[in-house]
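The values are calculated or read from the model by the stated rules, or taken from the named source; none is laboratory data. None of these values were measured; they are calculated from a predicted model. Cβ sites come from the backbone with ideal geometry, for glycine too, and all protein chains shown count toward neighbours.
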Ligand SMILES: Cc1cc2nc3c(=O)[nH]c(=O)nc-3n(C[C@H](O)[C@H](O)[C@H](O)COP(=O)(O)OP(=O)(O)OC[C@H]3O[C@@H](n4cnc5c(N)ncnc54)[C@H](O)[C@@H]3O)c2cc1C
Ligand SMILES: Cc1cc2nc3c(=O)[nH]c(=O)nc-3n(C[C@H](O)[C@H](O)[C@H](O)COP(=O)(O)O)c2cc1C
Ligand code: FES
């Protein structure tokens, strides 16, 4: 059974990737996910030029069908994060460096710094739904997406992935712009803008009021986005949003994803969800007569 | 009470001052909680912070805390009938077994240990307790535990009561007396103190309750991780001595809310 996959020049021994912002603030956690979790690759926390505390708590709550968070992009800044990456390089698992900035210059600086740290690819976070000046505020403007992608591509030689938000009128247009600008892959989706109000106290629970929804509830949204994007571009797609089982991952492959990322699933099924999902993928493939994962990609485009 | 990880809004039923700057709040929270576990306490409009359970009964639970910053000051001001949000309980809690346990508390650590001591005694386990504080005015829960027949030793940094020095030094003395035989040591307090205790406890199994900055408490955000990705909110906050011996950062570094390492002051 061959469940290896390739995204641009990156070869993955299996198609499961740790999503950005989950258990990736320090080397130790990523080490655990790599050694015990069985991932094909890890994405780092989204890193900026300087340290950020993020929002005050409450920053994460669980709702009936998903997880709502507004962390506010907390991170130690690229100067301090370098040592965390150094410590996991020897583990021979591809590391995808996630970065966020407020403008093309910040993205250029960060992508050069990440490349110097020897990461295998970059993921540009153009999709965080709850942080002023960053993420979605940039990632909903097709021209800015193009400008930033071009700028980064001109400055680094490692593959560049663009992570998009579903909170836009047309994710297709954004994906096309990214492809035109030379992006090597599209990552879809980031969290879905959402809110939870406590009716006893008559106020939103998250300190930032608005957050991003992830987990089981958003899976159909992610699948739809990947499907739509796949109909319109040629570069590979990494599917993310709501995956907790091998069959969920297969749905994403059929929609056109070449690999998947898992975030909230770490809560639903534990650290070794990556291993579990891989064996569930293999079981499904065996049962349905597939020998290669690549034979599944995009088959639902009928 | 369907969702464990969504704040449950409850009224404060009672509050009391335990010592200088130390207060207990009691509230209705009808979920099972074990000694050593903790809650996330939401003070609407201010913050949400982790607090160990310090009182456990069927319906009513309590927390006992020191006023140190914005959130604990806001909590300190709350009165009966004020509302707070609670989620949890989180974490693993203490393993309470054997014939004789030495409990070592530093500062507010006794808030975390008190329900464990009560449980030990109710299981017929002899309990020796070291309560360490900066000064005599900050000692609390002494009467509560005496009433349960725990054997209590007091230490203060300034010598205003009991042994003059750290709880870990007093514990060392107690451990050195051959007459005392302990099956296990359970500790909660400043990390340098717990680290010292780990270095002196020899082959007596030790359990220590750790504190790290916390956000999600459901094992996702990674903020509280130590060693090789051990989540203090899920695999902790109680770790055994064997595990702690392999964690370089124990007693040395913690991480601030940005994820940067900062030195723990000794
Ligand atoms: C598992 C656990 C159990 C705890 N149990 C108790 C207890 O029973 N009694 C008690 O008095 N204290 C306890 N604490 C410590 C308590 O959470 C802090 O004192 C409180 O958060 C301080 O908030 P503040 O805004 O008043 O102070 P600040 O001025 O904001 O901070 C003072 C200190 O508290 C720490 N702190 C602030 N926010 C958090 C957070 N979200 N998570 C962890 N640490 C934080 C800061 O890092 C700093 O070191 C516990 C902490 C943990 C992790
Ligand atoms: C607690 C939390 C923190 C996150 N932080 C980031 C981040 O820093 N950068 C980013 O690009 N996405 C971040 N995300 C989004 C995830 O990477 C992922 O796109 C989203 O959660 C959907 O996948 P899931 O349903 O598998 O969680 C975060 C999600 C969660 C739940
Ligand atoms: S507080 Fe988020 S993983 Fe522990």
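In the set (1) modelled with pLDDT of 95 or more; (2) on the phi < 0 side of the Ramachandran plot, the condition left unmet by residue A:54 is number (2). Taken over the stretch B:50-73, the criterion of being crowded, with 21+ Cβ neighbours inside 10 Å and under 14 Å from the mean Cα position of the chain (by Cα) is satisfied by B:50, B:51, B:52, B:53, B:54, B:62, B:63, B:64, B:65. Restricting B:6, B:26 to those that are within 16 Å of ligand 2 (Cβ to nearest atom) and either over 22 Å from residue B:106 (Cβ atoms) or in contact (Cβ under 8 Å) with a residue 12 or more places away in the chain (or both) reduces the list to B:6.
Every condition in (1) within 16 Å of ligand 2 (Cβ to nearest atom); (2) out of contact with any strand residue (DSSP E or B) (no Cβ under 9 Å at 6 or more places or on another chain) is met by residue B:87 except one, and the failing one is (2). If you go through the stretch A:257-273 and pick out every residue that is facing chain B (nearest Cβ under 10 Å) and more than 24 Å from residue A:164 (Cβ to Cβ), you end up with 2. Looking only at residues of the stretch B:197-224 that are in contact (Cβ under 8 Å) with a residue 12 or more places away in the chain and not in a loop (DSSP other than H, G, I, E, B), we find that the one that is farthest from ligand 1 (Cβ to nearest atom) is B:200. For the stretch B:77-84, does any single residue satisfy the condition of being touching a helix residue (DSSP H, G or I) at 6+ places or on another chain (Cβ under 9 Å), outside any loop (DSSP other than H, G, I, E, B) and either within 16 Å of ligand 2 (Cβ to nearest atom) or within 14 Å of chain A (Cβ to nearest Cβ) (or both)? Within the stretch B:77-84 (the criterion being touching a helix residue (DSSP H, G or I) at 6+ places or on another chain (Cβ under 9 Å), outside any loop (DSSP other than H, G, I, E, B) and either within 16 Å of ligand 2 (Cβ to nearest atom) or within 14 Å of chain A (Cβ to nearest Cβ) (or both)), the answer is yes, since at least one residue qualifies.
Hey, residue A:61 hits all of (1) over 21 Å from residue A:86 (Cα atoms); (2) in a loop (DSSP other than H, G, I, E, B) but one; which does it fall short on? Just one mismatch for residue A:61, condition (2). Of all residues in the stretch A:26-57, those that are within 16 Å of ligand 1 (Cβ to nearest atom) and assigned to a helix (DSSP H, G or I) total 0.
Among the residues of the stretch A:133-166, the ones that are in contact with a helix residue (DSSP H, G or I) (Cβ under 8 Å, 6 or more places away or on another chain), in contact (Cβ under 8 Å) with a residue 40 or more places away in the chain and assigned to a loop (DSSP other than H, G, I, E, B) come to 4 in all. Can you find, within the stretch A:214-229, the residue that is nearest to the other protein chains (Cβ to nearest Cβ) among those that are more than 16 Å from ligand 3 (Cβ to nearest atom) and surrounded by 24 or more Cβ atoms within 10 Å (Cβ to Cβ)? Looking at the filtered set, the residue picked out is A:218. Of all residues in the stretch B:202-213, at least one satisfies being on the phi > 0 side of the Ramachandran plot, out of contact with any strand residue (DSSP E or B) (no Cβ under 9 Å at 6 or more places or on another chain) and not assigned by TED's automatic domain parsing to the domain that holds residue B:264. Looking only at residues of the stretch A:27-46 that are more than 13 Å from residue A:95 (Cα to Cα) and at the interface with chain B (Cβ under 7 Å from one of its Cβ atoms), we find that the one that is surrounded by the fewest Cβ atoms within 10 Å (Cβ to Cβ) is A:32. From the list B:41, B:12, B:17, the lone residue that is within 21 Å of residue A:61 (Cα to Cα) and in a strand (DSSP E or B) is B:41.
Here's the yes/no breakdown for (1) over 20 Å from the mean Cα position of the chain (by Cα); (2) outside the structural domain of residue B:35 (by TED's automatic domain parsing); (3) part of a loop (DSSP other than H, G, I, E, B):
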site: B:143; (1), (2), (3): no, yes, no
site: B:148; (1), (2), (3): no, yes, yes
site: B:153; (1), (2), (3): no, yes, no
site: B:160; (1), (2), (3): yes, yes, yes
site: B:169; (1), (2), (3): no, yes, no
site: B:173; (1), (2), (3): yes, yes, no
site: B:182; (1), (2), (3): yes, yes, yes
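Please enumerate the residues belonging to the stretch B:211-238 that are away from ligand 2 (no atom under 16 Å from the Cβ), within 14 Å of chain A (Cβ to nearest Cβ) and farther than 21 Å from residue A:84 by Cα.
Taking the stretch B:211-238 first, the residues away from ligand 2 (no atom under 16 Å from the Cβ) are B:211-212, B:226-228, B:230, B:232, B:235-238.
From what's left, within 14 Å of chain A (Cβ to nearest Cβ): B:212, B:226-228, B:230, B:232, B:235-236.
Selection gives B:235, B:236.
Checked against the criteria, residue B:91 does not count as crowded, with 16+ Cβ neighbours inside 10 Å, under 21 Å from residue B:127 (Cβ atoms) and away from chain A (no Cβ under 14 Å). Only one of the numbered conditions (1) away from ligand 3 (no atom under 16 Å from the Cβ); (2) surrounded by 20 or more Cβ atoms within 10 Å (Cβ to Cβ); (3) part of a loop (DSSP other than H, G, I, E, B) is violated by residue A:207, and that is (1).
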